[in-house]
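The values are calculated or read from the model by the stated rules, or taken from the named source; none is laboratory data. What you see is a predicted model; the values in this text were computed from it and never measured. Here the Cβ positions follow ideal geometry from the backbone for every residue, glycine too, while neighbour counts run over all protein chains shown.
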Amino acid sequence: MSALLAEVPYWGQSLLRVLGGIVAVLLPAGTIVYIFLFKMMSFMQSRLGPMEAGPYGSMQLFAEVGKWLQKEDIVPERADARIFKMAPVIVLLSTFLLVAVVPFGPDAWFTDFETGIFYALAVSSISVLGILIAGWSSANKYSLLGGLRAAGQLIAYELPMVLAVIGVVIQAETMNLQKIVVAQNSGSMFGIDTFGHPYVISQFIGFVIFMIAIQAELTQAPFDMPIAESELVSGYMTEYSGFRFLIFFIGEFATAGVFAMIASVLFLGGWGVPFSWFGWTSIDSIDNWMNVVGPLIMFTKMMLLVFIIMWIRFSYPRLREDQLQRFAWKGLIPVALLNIAVTSILKVVF
Amino acid sequence: MSLTDRVLGDRQQLAYIASQAADARLNVELETEGMTLNIGPQHPATHGTLRIIARLDGEQVVWAEPACGYMHRGYEKLTEVRTYPQVTTLVNRIDWLGSFANEVPFILAAEKLMEVEAPPRAQHIRTILFELSRIANVSLFLGDLGVQLGAITPVFLAFRDREYVLNLIESATGGRFHPNFDRIGGLKDDLPAGWVDETRAVMKKLRGFCDQIEDLLFGNEIFQSRTRGIGVIPREVALQYGLSGANLRASGVDWDLRRDHQLPMAWNKADWKVWTHPDGDSFARCWIRLQETRESTKIVDQLLGSIPAGPVMAKVPKIIKVPEGEAWVSTENPLGEMGYYIVSRGDLGPFRVKIRSASFNNISITPWLLRGVYVPDIVTILASLYFILGDIDR
């Protein structure tokens with residue numbers, strides 16, 4: 001973004017960044033909620049979903065937000081009020097911090113970190129803190145159980161996620177997300193560069209592990225035991241109402257969107273199209289219109305990945321906590337380590 | 001401990017030992033404090049107002065006890081101030097998902113006292129409606145099972161297909177949920193025209209629903225890992241706690257009142273099978289119910305073809321007075337054995353009625369069963385035991 005805004009003063013740039021960040025988080029979140037939560041789930045369950053608010057219920061989300069904003073902000077009497085109020089903000093904050101490193105086009109990015117993916121993984125675990133303190137400060141036994149489950153689960157699945165990313169980093173030889181996109185789109189497979197080299201092909205195991213870990217990080221079924229509405233009522237969210245619940249709700253789907261963006265950057269070639277299609281050689285020779293089309297391509301890929309996440313969420317029952325941990329430590333992590341070993345050997349050989 | 005040595009299989013033995021060991025382990029290893037968790041009276045897993053007091057060590061249950069009575073409506077007492085025809089209105093609210101089935105044993109007991117018997121056509125239609133209410137009840141269980149385990153989609157499929165059955169019951173009886181159709185000496189009305197063909201079509205749909213649930217839910221690996229080996233009830237324990245219905249058959253006891261009791265109903269005119277399962281775990285209980293739904297559709301299909309002609313009402317006086325005496329009739333209801341013990345003093349209404357409902361006995365095993373399990377398994381076990389709150393509290 002900085003290249004586009006060279007003439008804009010610093011305060012203007014900052015303002016635009018903040019606005020852009022809000023759009024990049026809230027727009028996907030709203031779209032995901034409407035298309036997947038309201039409509040796709042309804043169609044899977046032989047019902048229509050919301051139909052009254054706006055054409056085909058498309059304004060339903062605004063109605064819901066309006067409802068939540070009007071509700072009383074209840075803090076339980078024995079809750080730790082200050083921390084209780086802070087928790088949802090921390091959860092949403094980590095999403096905003098996460099979107100800061102995602103590139104949307106050749107020049108359309110918020111910040112261009114050299115260690116972008118490292119930052120993203122580090123920042124994404126801040127939300128654990130929010131969830132944990134939400135569970136603890138609610139002074140509710142169900143919330144406490146939910147918070148503890150969330151902490152155990154998110155820590156367990158952080159590891160396979162990091163390990164899955166390492167394979168990509170080895171292949172791309174960089175941690176910069178922008179350069180990972182360029183490496184995928186300017187690369188070639190077996191000398192054929194028509195399709196570039198999206199890492200979903202060479203890092204397929206890593207991709208699967210990453211998607212499973214995302215599913216768990218987002219606490220979506222079959223890994224939704226921190227929320228577990230049938231046993232823990234709603235886990236760490238039990239005591240929240242009104243706009244604080246709304247923040248948790250937005251956070252859940254916004255984080256799904258942002259994680260899907262990161263997955264599409266790492267494995268599906270992000271905003272880019274294969275450079276050979278238009279005869280581009282490097283990132284500097286890309287035409288300017290990619291700054292407009294790039295975000296749309298990115299959005300499409302994100303929706304595709306979120307579709308997979310939601311599809312699984314709506315059709316699977318929930319694992320038990322110990323089964324989930326066993327799956328992470330005995331299944332995903334060894335496979336991810338093996339994946340790293342094979343990737344690095346092949347990288348040296350070829 | 002002789003129990004474990006004699007009759008239990010390896011897996012059952014392990015589960016039993018684990019539950020015993022949970023007591024011993026508390027406060028020894030980590031000096032941790034236990035926590036008392038009230039599951040209910042308002043909790044999604046209890047689908048009603050059952051309260052389960054559970055003492056937890058971490059996520060493991062050390063001790064649990066059900067506290068029921070939050071929805072007690074005093075039906076046994078109320079029957080004393082009602083006439084016989086009025087009682088069916090009350091009792092079909094006991095198990096509200098399969099209400100017609102609640103009326104039948106009461107009517108049968110009253111008929112036994114009056115020494116009248118419904119004409120064959122009425123017996124046939126009674127049996128068909130009884131099985132339809134079983135399907136309406138258990139198909140919802142099959143969907144609800146998914147929700148309890150975190151899969152939200154099956155319940156909507158269940159509601160969709162259950163609606164066809166409810167429509168059938170409504171078109172025959174006039175009541176969707178509470179038919180109140182059974183009368184002493186027969187039925188209120190005959191079947192409407194075209195009902196038989198419609199029912200056949202619906203039974204086909206229901207078999208499709210069973211296949212779908214078996215494929216989508218029972219075949220799911222997560223579902224299996226959540227239910228297999230969880231909440232194992234050995235045969236002896238099940239008998240000792242007085243379980244009935246599918247819960248007992250899932251523990252390997254070949255027991256079905258529809259087959260074993262000689263009642264004036266039409267079950268023996270159809271060819272069907274009583275399923276049992278040797279495991280006694282949650283999966284077995286769910287699987288038995290799935291098979292039973294299929295058997296019920298078969299029974300209905302066969303009986304539809306052989307409904308005899310004739311009246312649907314025997315000759316009974318306009319004002320029903322039941323002669324002095326006592327009678328006990330129980331039938332195999334969707335939830336298990338349900339029976340009525342009627343004491344009559346020759347009045348317009350019963351002098352005293354004792355209602356034996358299945359769920360009350362079925363949940364009496366929970367203190368034994370929940371010991372040593374994890375919190376998520378409480379939900380699995382409660383879901384697979386399958387109780388209706390109205391059936392517990394009456």
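Considering only residues that are away from chain A (no Cβ under 14 Å) and surrounded by fewer than 21 Cβ atoms within 10 Å (Cβ to Cβ), which ones fall in segment B:163-172?
Initial filter on segment B:163-172 (away from chain A (no Cβ under 14 Å)): B:165-172.
Passing the criteria: B:Leu166, B:Asn167, B:Glu170, B:Ser171.
Kindly establish whether B:Leu239 is over 15 Å from B:Ala15 (Cβ atoms) and touching a residue at least 24 places away in the same chain (Cβ under 8 Å).
Working: over 15 Å from B:Ala15 (Cβ atoms): yes; touching a residue at least 24 places away in the same chain (Cβ under 8 Å): no.
Spelling it out, it is not the case that B:Leu239 is over 15 Å from B:Ala15 (Cβ atoms) and touching a residue at least 24 places away in the same chain (Cβ under 8 Å).
Can you find, within segment B:232-281, the residue that is farthest from the other protein chains (Cβ to nearest Cβ) among those that are charged (D, E, K, R) and in contact with a Ser or Thr (Cβ under 6 Å, 6 or more places away or on another chain)? Among those that are charged (D, E, K, R) and in contact with a Ser or Thr (Cβ under 6 Å, 6 or more places away or on another chain), it is B:Asp254.
Looking only at residues in segment B:323-342 that are buried (at least 23 other Cβ atoms within 10 Å of the Cβ) and not aliphatic (A, V, I, L, M), which one is farthest from B:Thr127 (Cα to Cα)? Within segment B:323-342, the match that is farthest from B:Thr127 (Cα to Cα) is B:Tyr340.
Is one or more of the residues making up segment B:28-37 at pLDDT 80 or above and in a strand (DSSP E or B)? Checked against the condition, which is being at pLDDT 80 or above and in a strand (DSSP E or B), segment B:28-37 yields no hits at all. Tell me whether segment B:194-210 contains one or more residues that are surrounded by fewer than 19 Cβ atoms within 10 Å (Cβ to Cβ), over 30 Å from B:Val312 (Cα atoms) and either modelled with pLDDT of 85 or more or in contact with a strand residue (DSSP E or B) (Cβ under 8 Å, 6 or more places away or on another chain) (or both). Yes, the conditions are met somewhere in segment B:194-210.
Looking at the structure I just gave you, is B:Gly229 touching a helix residue (DSSP H, G or I) at 6+ places or on another chain (Cβ under 9 Å), part of a loop (DSSP other than H, G, I, E, B) and within 14 Å of another protein chain (Cβ to nearest Cβ)? Yes.
Taking the criterion of being crowded, with 20+ Cβ neighbours inside 10 Å and acidic (Asp, Glu), the only residue of segment A:252-300 that qualifies is A:Glu252. Mind counting the residues in segment B:197-221 that are of a type in the set (D, E, K, R) and either within 11 Å of chain A (Cβ to nearest Cβ) or closer than 11 Å to B:Leu304 by Cβ (or both)? Going through segment B:197-221 one residue at a time, the tally reaches 4. If the condition is being in contact with a helix residue (DSSP H, G or I) (Cβ under 7 Å, 6 or more places away or on another chain), part of a helix (DSSP H, G or I) and either of a type outside the set (A, V, I, L, M) or surrounded by 22 or more Cβ atoms within 10 Å (Cβ to Cβ) (or both), then segment A:230-250 contributes A:Gly235, A:Tyr236, A:Met237, A:Gly242, A:Phe243, A:Arg244, A:Phe245, A:Phe248, A:Ile250.
Being within 14 Å of another protein chain (Cβ to nearest Cβ), touching a Lys or Arg at 6+ places or on another chain (Cβ under 7 Å) and more than 30 Å from A:Lys71 (Cα to Cα): is that true of A:Pro222 here?
Values: within 14 Å of another protein chain (Cβ to nearest Cβ): yes; touching a Lys or Arg at 6+ places or on another chain (Cβ under 7 Å): yes; more than 30 Å from A:Lys71 (Cα to Cα): yes.
Spelling it out, A:Pro222 is indeed within 14 Å of another protein chain (Cβ to nearest Cβ), touching a Lys or Arg at 6+ places or on another chain (Cβ under 7 Å) and more than 30 Å from A:Lys71 (Cα to Cα).
If you go through segment A:180-229 and keep only what is free of Cβ contacts under 8 Å to residues at least 24 places away in the same chain and assigned to a helix (DSSP H, G or I), you end up with A:Ala183, A:Ile201, A:Phe204, A:Val208.
If a residue counts only when it is within 14 Å of chain B (Cβ to nearest Cβ), which helices (runs of 4 or more DSSP H) contained entirely in segment A:251-350 have at least 3 such residues?
Working: elements: A:290-315, A:321-326, A:333-349.
By residue number, A:290-315, A:321-326.
Say we look at segment A:230-249 and pick out the residues that are of a type in the set (Ser, Thr, Tyr) and away from every other protein chain (no Cβ under 14 Å); which of these is nearest to A:Arg320 (Cα to Cα)?
A:Tyr236
Quick check on my filter: what residues within segment A:119-169 are within 14 Å of chain B (Cβ to nearest Cβ) and of a type in the set (A, V, I, L, M)? A:Ala139, A:Leu144, A:Leu145, A:Leu148, A:Ala150, A:Ala151, listed by residue number. Only one entry in A:Val23, A:Val89, A:Val99, A:Val65 is crowded, with 18+ Cβ neighbours inside 10 Å, out of contact with any His (no Cβ under 9 Å at 6 or more places or on another chain) and of a type outside the set (D, E, K, R), namely A:Val99. What do you reckon, is B:Leu129 crowded, with 24+ Cβ neighbours inside 10 Å, more than 15 Å from the chain's Cα centre (by Cα) and not small (Gly, Ala, Ser)? Here the answer is yes, as B:Leu129 does meet what is asked.
Taking the criterion of being surrounded by 14 or more Cβ atoms within 10 Å (Cβ to Cβ), more than 14 Å from every other protein chain (Cβ to nearest Cβ), of a type in the set (A, V, I, L, M, F, W, C) and touching a residue at least 24 places away in the same chain (Cβ under 8 Å), would at least one residue in segment A:7-14 satisfy it? Explain how you work it out, then say what you get.
Here is the first cut: in segment A:7-14, the residues surrounded by 14 or more Cβ atoms within 10 Å (Cβ to Cβ) are A:8, A:13.
Subset that is more than 14 Å from every other protein chain (Cβ to nearest Cβ): A:8, A:13.
Next, only the ones that are of a type in the set (A, V, I, L, M, F, W, C) stay: A:8.
This time we only want the ones that are touching a residue at least 24 places away in the same chain (Cβ under 8 Å), so: none.
Taking every residue of segment A:7-14 in turn, none turns out to be surrounded by 14 or more Cβ atoms within 10 Å (Cβ to Cβ), more than 14 Å from every other protein chain (Cβ to nearest Cβ), of a type in the set (A, V, I, L, M, F, W, C) and touching a residue at least 24 places away in the same chain (Cβ under 8 Å).
A single member of A:Leu132, A:Leu97, A:Leu92 is touching a helix residue (DSSP H, G or I) at 6+ places or on another chain (Cβ under 9 Å), over 21 Å from A:Ser234 (Cα atoms), assigned to a helix (DSSP H, G or I) and not acidic (Asp, Glu), and it is A:Leu97. Counting only helices (runs of 4 or more DSSP H) that fall entirely inside segment B:47-162 and contain at least 3 residues that are more than 14 Å from chain A (Cβ to nearest Cβ) and aliphatic (A, V, I, L, M), the qualifying elements are B:84-91, B:99-114, B:120-148. Take segment A:136-155 and flag every residue that is within 17 Å of the chain's Cα centre (by Cα) and surrounded by fewer than 21 Cβ atoms within 10 Å (Cβ to Cβ). A:Ile155, the sole residue that qualifies.
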